Amino acid sequence: MTRESIFEASLSFFLSPIKSYLDDPTISEVMVNGCGAVYIERRGRLEATPARFESEDALLTAVHNVAQYVGREIDAERPVLDARLPDGSRVHAVIPPSARQGTYLTIRKFSREVMDLAHLVKLQSLTPEAREFLEICVRLHKNMVVAGGTGTGKTSLLNALSTAIPEEERIVVIEDSSELKLRQAHTLYLESQQADARGRGALTIRDLFRASLRMRPDRIVVGEVRGGEALDMIQSMLTGHSGSLTTVHASSPRDALVRLETLSLMSDVELPIYVARAQVASAIHLLVQLSRFSEDGSRRITRITEAHGLDSDRYQLRDLFVLRMTGRGADGRLQGQLEPTGQVPTFAAEAHEQGLASLARLAPELWRV
């Protein structure tokens, strides 16, 4: 037996109280709030379940089993674990004393299917016109940020956008815990590492980003920007590594830019705030905003917005597509359409200059100059 098959067998045993939920394709997340409370997310809605772990020790053993497989440690000194299961599902665990009600275990399930933009059109998250626009922007090497709250589908959308990257390009993917799965053969995956008990061996997203710049990438895809690596990413975008894709936690396109600005200031480089703002404004071209609607649990793209510089220290934004809600369908789900606003991106001429204008078959008006 291989090491992975042994781990899968042992994990199946330790996680047996929730295994049926992990195997259910309609469930996207399993949340264990101590040994006596298990919740799931199904089609965007939370549900309580009757599942229970036999004891707190049984749940803690399962968490240690996951940590052992990925070569990480979780204990009183390092009570938080980020890891992944053999199928790619993301695991986050917090143990006492940091977790006051017992061990907390959250598993974000991994979709074996690589979702592309065409699939999002089928789900009605995108219109064919918006899909075409995003594909051309990726081909034009526009720096793009996917913004949204927790559980809105940022990683899935990032993966879908990556399918528009030409096959011949060399791509470096950087993540805290590997979730992205790109279709392109020439893709290198880098994953951060925690320090050991003596504080040695840590490898941060920022370390990996700096290393990636020496690997001759055509594209750099960062799973999520959440610290000082934002400055390295922004500066690399400004110095020739265009076409980067990343995600950030933010509730609006403007908030996403402010968030990147704030994260840039968290680096060890002393940077005046106006310089950080100017760099963010120059580096980021496009923001794709995601929202989750509590009324029906749906996740939708609500805006595709161009960022085009500063005006009196204020970010200049131009909505190119906006979600227009039209009511509810017969099934009670919200109905809406991602519609063009009539605005043309400031970089419209680039599609003609780079010979990509012929790709604009559904919405050629967006590329008129």
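The values are calculated or read from the model by the stated rules, or taken from the named source; none is laboratory data. Given the structure is predicted, the values throughout are model-derived calculations rather than measurements. Every residue, glycine as well, gets a Cβ built from its backbone with ideal geometry; the counts of neighbours run over all protein chains shown.
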- Item | Among (1) of a type outside the set (D, E, K, R); (2) closer than 19 Å to residue 111 by Cα; (3) surrounded by 19 or more Cβ atoms within 10 Å (Cβ to Cβ); (4) in contact (Cβ under 8 Å) with a residue 40 or more places away in the chain, the one test that residue 40 misses | (4)
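Filter the stretch 200-213 down to the residues that are surrounded by 12 or more Cβ atoms within 10 Å (Cβ to Cβ) and part of a loop (DSSP other than H, G, I, E, B), then identify the one that is modelled with the lowest pLDDT.
Among those that are surrounded by 12 or more Cβ atoms within 10 Å (Cβ to Cβ) and part of a loop (DSSP other than H, G, I, E, B), it is 204.
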- Task: Would you check if residue 178 is farther than 21 Å from residue 286 by Cα, small (Gly, Ala, Ser) and out of contact with any helix residue (DSSP H, G or I) (no Cβ under 8 Å at 6 or more places or on another chain)?
- Result: yes
- Among 164, 197, the single one that is assigned to a loop (DSSP other than H, G, I, E, B), at pLDDT below 90 and farther than 26 Å from residue 269 by Cα is 197
- Message: Which condition from (1) under 22 Å from residue 44 (Cβ atoms); (2) touching a residue at least 12 places away in the same chain (Cβ under 8 Å); (3) surrounded by fewer than 12 Cβ atoms within 10 Å (Cβ to Cβ); (4) not hydrophobic (A, V, I, L, M, F, W, C) is the one that residue 337 breaks?
- Response: (3)
- Task: Please determine, by comparing only the residues of the stretch 3-23 that are of a type outside the set (A, V, I, L, M) and surrounded by 14 or more Cβ atoms within 10 Å (Cβ to Cβ), which one is farthest from residue 68 (Cα to Cα).
- Result: 21
- Item | Enumeration of residues in the stretch 260-299 that are part of a strand (DSSP E or B) and either modelled with pLDDT of 90 or more or farther than 18 Å from residue 250 by Cα (or both) | 286, 287, 288, 289, 290, 291
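This table checks each residue for (1) polar (S, T, N, Q); (2) at negative phi; (3) crowded, with 21+ Cβ neighbours inside 10 Å; (4) in a strand (DSSP E or B).
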residue	(1), (2), (3), (4)
77	no, yes, no, no
99	no, yes, no, no
115	no, yes, no, no
118	no, yes, no, no
121	no, yes, no, no
126	no, yes, yes, no
130	no, yes, yes, no
137	no, yes, yes, no
141	no, no, no, no
